[in-house]
Amino acid sequence: MMKKIGVVLLAMCFCVFGSGCAVKEKVKKVATDWKADGREYGQESVYSPDDTVETAFFNVKINSVTTESEIEGYVPEDVAHQFIVVNMTVENTYDDFDSITMFCDDFELTWDALEGETTFPEYQFYEEQLPDSYELKYGESKTGNLVFITPRNVTDYQLKYYEIWDDNFIGNTYYINFAI
C-alpha cells in the first residue's frame, strides 16, 4: 500500500513539474532562492573602464591600464608575454560589518583565447601593488595596482569579480571590459 502511494505521489510530481530534468532544475532554483536569503545572485553585468562598479560589498573603479615589459627589474619569464598593470580604487560600501577583507585574487583577468578560463594577478612584488590581502573599514578606500602577465598579442580583456559570501554563496558576477 505504501509503495503504491509513493508511486502515485511520484507520478503526480512528474505530471506537475514535467520531466525529471525540469524537476531537478526547479528544486535547484528553490534551494538556491532559499539559500540566497534575499541576496541577489546569478546576474552578470558588463561595464566599461570609465564606470564605477557597485557590488554587494564595495565599489571599484579602474583608474588606468598600462602595459610594461619590466617592473623594477622583474620581467615575465616568457619573452612573448608582458605585464598588464591595472590601477584601481576599491571602496568599502558594505555597512553590515566594520570592515571587509580584500584579496588581490578577488579580481581575475580573462581574454578570448582563454575561452572562459581566467588568470590571477601576481602576488605583491613591488610597493605600488595592492597588498595580497588588506582590510577596508566601512567608507574607506584603497588605490593600487593589480599586475597580470599576458601574451603581448592580446589587446582586449575583461577584469572579472564575482561575489562570494561568508557562507560560500555565490552572488552576482561583474566584468569590466578594456582594451590596450
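Since every read-out is calculated from the coordinates, none of them should be taken as a lab result. Quick caveat, the model's predicted, so the values are computed rather than measured. Cβ atoms come from the backbone with ideal geometry, glycine included; neighbour counts cover every protein chain shown.
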Rounded to two decimals, the Rg over Rh value of the stretch 85-156 from Cα coordinates and the Kirkwood Rh reads 1.04
Can you sort VAL53, VAL90 so the residue with the fewest Cβ neighbours within 10 Å comes first? VAL53, VAL90
Set of aspartates and glutamates with alpha-carbon distance to LYS137 below 14 Å, sequence-local pairs under 8 removed: GLU91, ASP95, ASP96, ASP98
Where does the Debye-calculated log10 I(q)/I(0) of the stretch 44-179 sit at q = 0.14, 0.18, 0.20 Å⁻¹, using only Cα point scatterers of equal weight, no solvent? -0.63, -1.04, -1.26
Can you give the FRET efficiency for PHE125 and ASN153, using 1/(1 + (r/R0)^6), R0 = 30 Å, r = Cβ-Cβ distance, to the nearest 0.05? 0.80
Would you kindly state how much longer the chain becomes between GLU70 and SER45 on full extension, computed as 0.36 nm times their sequence separation minus their alpha carbon distance, in nm to one decimal? 5.7 nm
Using a 10 Å cut-off around each Cβ, can you sort GLU68, GLU163 from fewest to most neighbouring Cβ atoms? GLU68, GLU163
